[in-house]
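First the structure, in the form of structure tokens, and then the observations on it.
All of the numbers you see were taken from the coordinates with simple rules; none came from a lab. Note that the coordinates shown come from a computational prediction; the quantities given were computed from them, not determined experimentally. No Cβ is skipped: glycine too gets one built from the backbone with ideal geometry, and neighbour counts run over all protein chains shown.
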Amino acid sequence: MGMLKNYLLDLICACSDHQYGQDAIEFAVSMGLVKISYNLEADVKTIMNQYDDIIEWYRREVAQNQAAQELAC
């Protein structure tokens, strides 16, 4: 399990220096929006090719969650 976590951390950090981008990549991987091969070079390329889409998916998810929280209050 530790090796998987380290790989994901290395992958996320290799793709973005910013917390928001890192969160978006983590979201995309955990939701299965981006399939990873566990080949760091190939996975970085895959993520960077989809980076704009990943940011948009995450932005929409955050907005939906905020709207749901506001309705619950």
Subject >> Odd one out for ALA67, checked against (1) in a helix (DSSP H, G or I); (2) surrounded by 14 or more Cβ atoms within 10 Å (Cβ to Cβ) >> reply: (2)
**OP:** Find all pairs meeting these conditions: Cβ atoms under 6 angstrom apart; at least six residues apart or on different chains; first residue within the stretch 58-73 and within 20 Å of ILE47 (Cα to Cα); second residue assigned to a helix (DSSP H, G or I).
**Re:** TYR58/ALA24; TYR58/PHE27
Subject >> Every residue from the stretch 1-57 that is assigned to a helix (DSSP H, G or I), loosely packed, with under 11 Cβ neighbours inside 10 Å and either of a type in the set (Asp, Glu) or in contact with a strand residue (DSSP E or B) (Cβ under 8 Å, 6 or more places away or on another chain) (or both) >> reply: GLU41, ASP52
